[in-house]
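So the structure is just underneath, and the comments pick up after that.
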Amino acid sequence: MLLIRRFEEALIAHNPVGHLSIGQEGAIVGACMALRDDDYVTGTHRSHGHPIGKGADINPLMAEVFGKKTGICKGLGGSMHLTDTSRGLIGESAIVGGGFPIATGAGLSIQVRETDQVSLCFFGDGAANQGTFSESINMAAIWKLPVIYFCENNGYAVTTSVEKSHGQPDIARRADGYGIPGIIVDGQDAEAVHAVTQEAVDRARAGEGPTLIEAKTYRFDEHSNRLAIPIEYRSKEEIEYHRNERDPISLYRATLLSRDLLADVERIEQEVAKTIDAAVEFARESPEPDMEDVWDCMFSNPINFPAYEGEL
Amino acid sequence: MRNSVQKLSYLQAIIEAEREEMQRDENVILMGEDIAVYGAQSLVEEFGEKRMRNTPISENSFVGVGVGAALTGLRPIVDLTIASFCYLASDQIINQAAKLRFMTGAQLKVPLVVRTSTFYNNRTAAQHADRPYPLFMNTPGLKVLAPATASDAKGLLKAAIRDDDPVIFFEDINLWGKKEDVSTDVDLLVPIGKAAVKRSGSDLTIVSVAGCLPHALAAAEVLAGEGINAEVIDLRTIVPMDKETILTSVAKTGRLVIVDNSHKVGSVASEIAAVVSEEAFESLRKPIQRVATPQVHIPYNGALEKRLFASKDRILEAVRVII
Ligand SMILES: Cc1ncc(C[n+]2csc(CCOP(=O)(O)OP(=O)(O)O)c2C)c(N)n1
Ligand SMILES: [Mg+2]
C-alpha cells in the first residue's frame, strides 16, 4: 500500500501525469494479496497500483510513466498502461469497460487449458455502466469461469456520482441478476478486502464460477491531475473526511501498531522510500525510446512496409 | 448583435453554437459524459437537466438513445468527448444512424450530431489518440465535418444541428484553446460541403485536413519567403467532399501536397489523391504527396508522438520533393 502511495506521490512531484489511486490502496492490495503470481489481472486507466500490488518491479513501472525506453512497455504505453506480464497482468484498458471481456476470456482460457489459475478484473463504478459489464459477467456465470470482478467503487466517474448514474448504488447487488455471489466490502480495510477476495479466489479455483466484489473506497485526488475540473461535484468536507478518517494506510498502520509491529512498520517505510528514490533516479537517467521501437512492437512477424518504414 | 464579432476560442465557439441553437429550437438537446467538464457548464445552468443530459458511461447505448430521439422529433447533439470512444458507439452510428433513412425508403430521418475530439499530441497513448475520421468517411449515410478554426467550428456545428442527416463532427483538441474573432450572427452558417481557400497561390496546392491547417499555413509562409506561392485549402468538410475547389486549384498549380493526421492507408489524403488522379491527372506536373501518419499506433512518449503528426517541417519536406 505504501509503495503505491509513495510511487504516486513521486509522480506528483516529478512527472505529473495521470490518474492516481491515492485513497484506494487498501482495496487494490487487499485484492492482489489473494492472488498468485500466475493469476491474471486486467486493470484500468487508474492502474498504477495493480502491478505494484501484484509485485512488479518498480523501476520499469516508474520509467514507463516517464515515457522511457526502459519502461515496462518501452515508453509506448505510459501511465494508463503499466502492463507487467511476468506478474500476470494482461493489459490495462484506458477504454472504460474494456477489461471485462478480456478478463473473462482469460477465465475461458484457464478453463480450457485446465490450469488452476484465476482471473481478476479491476474496474470502477462508472465502468459498470458499460454493456461489456453485463455481457461478460453473464458469460462467466453460464460457463462458470474462474473470474473475480472486482469493483473499486470510489463513488465517482470523473464528476458523475454513483447516485446520479446508477439505478441503485450497490454495484454488487447486480450479481443477483446473473445468479452469482455479490459481496460488498469496506475497501479501506485491506484485511477485510483480502478475506472476501480469498474466498472468491477459492471458489473460482474450485470450479464454482465467478464472484462480483464491490469495495467501497474513495479517490483522494482529482480524477486526473491533468484535467481541470470547473465544477464542485463533491464537497471539501467530504474529501477531508476521507483523507483524515478513512485513509487505508493510516488505518492499517494503526492496526499494525496495535499488534506491536512498530519496528516492522518503520523498516518498511524506510525501504519503500529508498525503492522510490532509486526508481525516480532510474527513470530520469533512462534513454528515450526510438522510432524503431514503435515499428518493432507493431507485429509479431514484422511485415515489410518499406514505403512507410523509411518515412520517419 | 448582428454582424459584430467576439473573441472566442475554438471550444468556446462550439459551446456558443450549441447555446444559440438550443435557444432557437427547443428540440435541440445535448447528451454526454461529464458535460460540465468540457466547457458546457453554462449550458447546464441555462437549459437545465431536461435538455442537458449527463449520461452514464454507456457510449453505444447513449448514442443509440440519441438516434431514437432524433427519429421522433428531437435534434440531439451527442458529445462522445474523445474520438476513440466512437468505436464503442460505432454500431449505433454505422448500423443504425447511417442506414435508417435508406433502409426505410426515406420514411425516417436522423437529425443527429455526434461531437467528438481527436485527442492526439497529448501523451495519452494509443487508446486515446486516434483520428478515426476515415472510418466514418467510408460509411455512406454520414456527413463528416472537421473544422480547423473557431469560426468554422461554430458555423459548421450550427449547420450540422439544422441538417436532417446524421453528422459526425470532429474537433481537434490541439485547437480547442485557439482564439479568434467569431461572428455573433446567430444565423451565420458555414455550408456543409464547402472547402475554404485560406491562402491563394499558383505554384502548388496544399490541402489541409482537419487540425493540420496551422502547420500548412506556417509551411506556406516559409515557402513565400523563398518566392514559392502555395495555395492552402482547408477541407473543412470531409463528406461531402468539395472536389471542385481542390480540382480548380490543382488545375492552376499542377502540384499537390495533402496534409492529414489520420493513418496514411485509406486516409482522407488517400481519397483526395484518388479523386485528383481520376479527374485531373493531366493537370499534375509531379506526383501527389501525402503527409499523413504512418501505420503505427501512437506511442505514449511525447517526442516520438509528435514526429508522427503534421508539422511545418514535414510539409516542407514533401513540398521539396515536387518543387
Ligand atoms: C469508453 C470510455 N468512455 C469514457 C472515457 C473517459 N473516462 C475516463 S475515466 C472515466 C471515469 C471512469 O469512472 P470509474 O469507472 O468509476 O473509474 P475511476 O476513474 O473512478 O477510477 C471516464 C468517463 C474512457 N476513457 N473510455
Ligand atoms: Mg469511480
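The values are calculated or read from the model by the stated rules, or taken from the named source; none is laboratory data. Note that the structure is a prediction, hence the values are computed from the model and not measured. With ideal geometry, Cβ positions are generated from the backbone for all residues, glycine too; neighbour counts draw on all protein chains shown.
Worth a mention:
- Considering (1) out of contact with any helix residue (DSSP H, G or I) (no Cβ under 7 Å at 6 or more places or on another chain); (2) in a loop (DSSP other than H, G, I, E, B); (3) under 20 Å from A:Gly26 (Cβ atoms), the lone condition that A:Gln198 does not fulfil carries the number (2).
- Some residue of the range B:274-295 being within 20 Å of A:Lys74 (Cα to Cα), not small (Gly, Ala, Ser) and not assigned by TED's automatic domain parsing to the domain that holds B:Leu135: yes
- Among the residues here, B:Ala220 qualifies as surrounded by 24 or more Cβ atoms within 10 Å (Cβ to Cβ) and at pLDDT 95 or above.
- Those residues of the range B:44-58 which are among the small types (Gly, Ala, Ser) and facing another protein chain (nearest Cβ under 10 Å), in sequence order: B:Ser58
- Spans of helices (runs of 4 or more DSSP H) in the range B:30-109 with at least 3 residues of a type in the set (D, E, K, R): B:41-51
- Restricting attention to the range A:127-143, the residues that are buried (at least 21 other Cβ atoms within 10 Å of the Cβ), among the polar types (S, T, N, Q) and either more than 13 Å from every other protein chain (Cβ to nearest Cβ) or part of a strand (DSSP E or B) (or both) add up to 1.
- Restricting the range A:167-188 to residues that are in a loop (DSSP other than H, G, I, E, B) and crowded, with 20+ Cβ neighbours inside 10 Å, the residue that is farthest from the other protein chains (Cβ to nearest Cβ): A:Gln188
- When residues of the range B:282-311 are limited to those that are assigned to a helix (DSSP H, G or I) and within 15 Å of A:Lys69 (Cα to Cα), the one nearest to the chain's Cα centre (by Cα): B:Glu305
- Segments classed as helices (runs of 4 or more DSSP H), wholly inside the range A:16-126, with at least 1 members that are within 16 Å of ligand 2 (Cβ to nearest atom) and buried (at least 24 other Cβ atoms within 10 Å of the Cβ): A:25-32, A:49-53, A:99-113
- Some residue of the range A:144-156 being within 15 Å of ligand 2 (Cβ to nearest atom), of a type outside the set (Lys, Arg) and surrounded by fewer than 24 Cβ atoms within 10 Å (Cβ to Cβ): yes
- So A:Glu208, is it more than 16 Å from ligand 2 (Cβ to nearest atom) and outside any strand (DSSP E or B): yes
- Unmet requirement for B:Val114, which otherwise passes all of (1) away from ligand 1 (no atom under 16 Å from the Cβ); (2) among the hydrophobic types (A, V, I, L, M, F, W, C); (3) not in a loop (DSSP other than H, G, I, E, B): (1)
- Scan of the range B:272-322 for residues that are at the interface with chain A (Cβ under 10 Å from one of its Cβ atoms), among the polar types (S, T, N, Q) and buried (at least 21 other Cβ atoms within 10 Å of the Cβ), ordered by number: B:Thr293, B:Asn301
- Criterion (within 14 Å of chain A (Cβ to nearest Cβ) and among the small types (Gly, Ala, Ser)) met by exactly one of B:Ser151, B:Ser202, B:Ser117: B:Ser117
- Residue within the range B:9-27 that is touching a residue at least 60 places away in the same chain (Cβ under 8 Å), outside any strand (DSSP E or B) and either within 11 Å of another protein chain (Cβ to nearest Cβ) or among the basic types (Lys, Arg) (or both) present: yes
- Applying the criterion of being of a type outside the set (A, V, I, L, M, F, W, C) and within 24 Å of the chain's Cα centre (by Cα) to the residues of the range A:218-232, the residue that is farthest from A:Gly23 (Cα to Cα) is A:Arg226.
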